[in-house]
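Worksheet for the structure shown next.
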Amino acid sequence: MEHKKNRIIHILRYLERHTDEDHPATMQDILAYLKREGIPASRKTVSHDIGELIASGEDVICNDGRPIEYFIGERLFELPELKLLVDAVQASRFIPPGKANTLIKKLSGFANRHQAGELRRSLYTDKLARPTGDKAYITVDRLYTAINSKKKITCKYFEWSADKKKTYKHGRKDYYFSPYGLIWNSDRYYSVGWSDSHGKIITLRVDRIAALKLTDDPAVPEPEGFDIAFYAERVIQMYDGPLREITLLCENAMMKHVIDRFGEDIDTAITNAEHFTARVSVPASPTFFAWVFTFGGGIQITGPEDVLKEYREAALRAAGRPSAAGIKPKV
């Protein structure tokens, strides 16, 4: 019985690793492989084992002919799916290089030997910094554990000073944080949840979380009506702050950028032959202003007036000129 179990497992592994529709295996190929592995077999036993694999749900295809050929049909991951996953891992700045190589190697294990070469991708990725260790990778795992178990975490949170040193927020005190979910935006992970010290929902960038510990304290329940999808679309993308209803005047060519940022359901109306208006609900933050400025006048803020004034003053400060309020930028 033990020989039979080992034989079936080896036959399945051989077919998965060495065969596909373009590279089937004959009975002689399978028998030769089993012999090299020191497993006794015959045509009758191998044929019976393959029948059991098919009966158990494995997609082993038998081509009738002389000789009969066998190969694995549908796989857990098809080659195009593996290529997408490998590209995603390779492109992600969040995953450390060593961990990325390990993940790609594991993904390659789902391909047969004829396909493995196609997973050696030549994807260009930008040169922005990647983490050098597994800390953020582990932080994500612990956050998911806290979310699934509905527990609080404690952690510290840091930023960078002008001399490239970590400066801890909240006077180095621990944050008591109830994570509700994780958001992936602009190749960064963010955790959204309730902060006891702030008394509200906040966003923490995962790679700036330090000294994370799981607690046995139950998480603060999500406020009624909280929608993490809305939060991701309207707050994370433009950073935190009170939501404002803002009107934009846009050149027609800007529609693709508006939809990329706000989605196809954005409220728009044709203004004239060259322009349309868009009404968006976002924080009137420096990040939003920077996004508008990117288009060199192709997108303009037209209201409300206080947001337009704030945008103009932000543009003056960015140019190193006194703002309308007479406040000179600090150097």
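Where a number appears in this text, it was derived from the coordinates with a stated rule and is not lab data. The structure presented is a predicted model; accordingly, all values stated were derived computationally and were not measured. FYI the Cβ positions are ideal-geometry reconstructions off the backbone, even for glycines, and counts take in every protein chain you see.
Observations, loosely collected:
- All C-alpha pair distances within the range 241-318, sorted into 5 Å bins from zero, spread as 3, 16, 29, 28, 17, 6, 1 percent across the bins.
- The chymotrypsin sites (Phe, Trp or Tyr not before Pro) of the range 57-111 that DSSP puts in a loop, and whose beta carbon has at most 15 other beta carbons within 10 Å, are Phe77.
- Multiplying each eigenvalue of the alpha-carbon gyration tensor of the chain by 5 and taking the square root yields semi-axes of 55, 27, 19 Å, largest first, rounded to whole angstroms.
- Over 23 Å (Cα to Cα) - which of Lys152/Lys173; Lys99/Lys151; Lys83/Lys106; Lys44/Lys106; Lys150/Lys213 fall in this group: Lys99/Lys151; Lys44/Lys106
- Residue of Gln115, Gln90, Gln28 that the Gaussian network model of the chain assigns the largest fluctuation, springs spanning Cα pairs under 10 Å: Gln28
- Under a Gaussian network description of the chain, with springs only between Cα atoms under 10 Å, the residue in Asp49, Asp163, Asp306 that fluctuates furthest is Asp163.
- Distance distribution P(r), the range 135-232, all Cα-Cα pairs, bin width 5 angstrom from 0: 3, 13, 25, 26, 19, 9, 3, 1, 0 percent.
- Normalising the average separation of contacting C-alpha pairs (under 8 angstrom, six or more residues apart) by the number of residues puts the relative contact order of the range 135-232 at 31 percent.
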